[in-house]
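Beneath this line is the structure, given in structure tokens, with notes to follow.
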């Protein structure tokens, strides 16, 4: 029974380590593409367009989104569009509120400062590829829908998140479980080494 328990424990430990290693390495090597592999991804917020709902330096957890069928007004979506960077226009990731889809299939969005306004008063997003050439966000630009925000802009907010929000509690438990497994494995390794040294000592003693 003890051997079975130890086997299951070891399997869970190595599966957890391998999964976390994969997620970390893939996130570093291919930032922004993790969502295409495991259907979930995270993104760091670098602009103030969604404040005070989502602050700069917060992280967004998003679930992969392929179409707008189930979206409703004010949902927060993650998508790609064009921005002016270092002298030229290139695509980057944006997190804004979803409004509606036009007859042409263009996805209309708006920043958080427009949230709650009468539709006739909202200033919707407009994008450009450069010069006078507009760019319209379509279904092909969709990345995901906002699931949760990890408030890293404030230590106090992060602590509250970790002990009150379902995802935060899950993360906290994973940290504790992961730490327990690591400490346990290290202690077992040390004990095994001590045991081997003790056995060698007995062998040398018997041989004298």
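The values are calculated or read from the model by the stated rules, or taken from the named source; none is laboratory data. Computed from a prediction, not measured in an experiment: that's the story for all the values here. Every residue, glycine as well, gets a Cβ built from its backbone with ideal geometry; the counts of neighbours run over all protein chains shown.
Pick from region 52-79 the residues that are in a strand (DSSP E or B) and at pLDDT below 95: which of them is surrounded by the most Cβ atoms within 10 Å (Cβ to Cβ)? Don't jump to the end; show me each part of the working.
Narrowing region 52-79 to residues in a strand (DSSP E or B): 59-64, 76-79.
Those still in the list that are at pLDDT below 95 too: 59-64.
Details: 59: 15, 60: 21, 61: 16, 62: 23, 63: 15, 64: 17.
That would be 62.
When both residues are 6+ apart or on different chains and their Cβ atoms are under 6 Å apart, which pairs have a first residue that lies in region 119-139 and is farther than 15 Å from residue 94 by Cβ, and a second that is part of a strand (DSSP E or B)?
122/110; 130/89; 134/128
Restricting the first residue to region 53-78 and requiring it to be on the phi > 0 side of the Ramachandran plot, which pairs with a second residue that is in a loop (DSSP other than H, G, I, E, B) meet a Cβ separation below 6 Å and a spacing of at least six or different chains?
Listed pairs, sorted by first residue: 57/152; 57/153.
If residue 129 satisfies every condition in (1) at pLDDT 75 or above; (2) surrounded by fewer than 13 Cβ atoms within 10 Å (Cβ to Cβ) but one, which is the exception?
(2)
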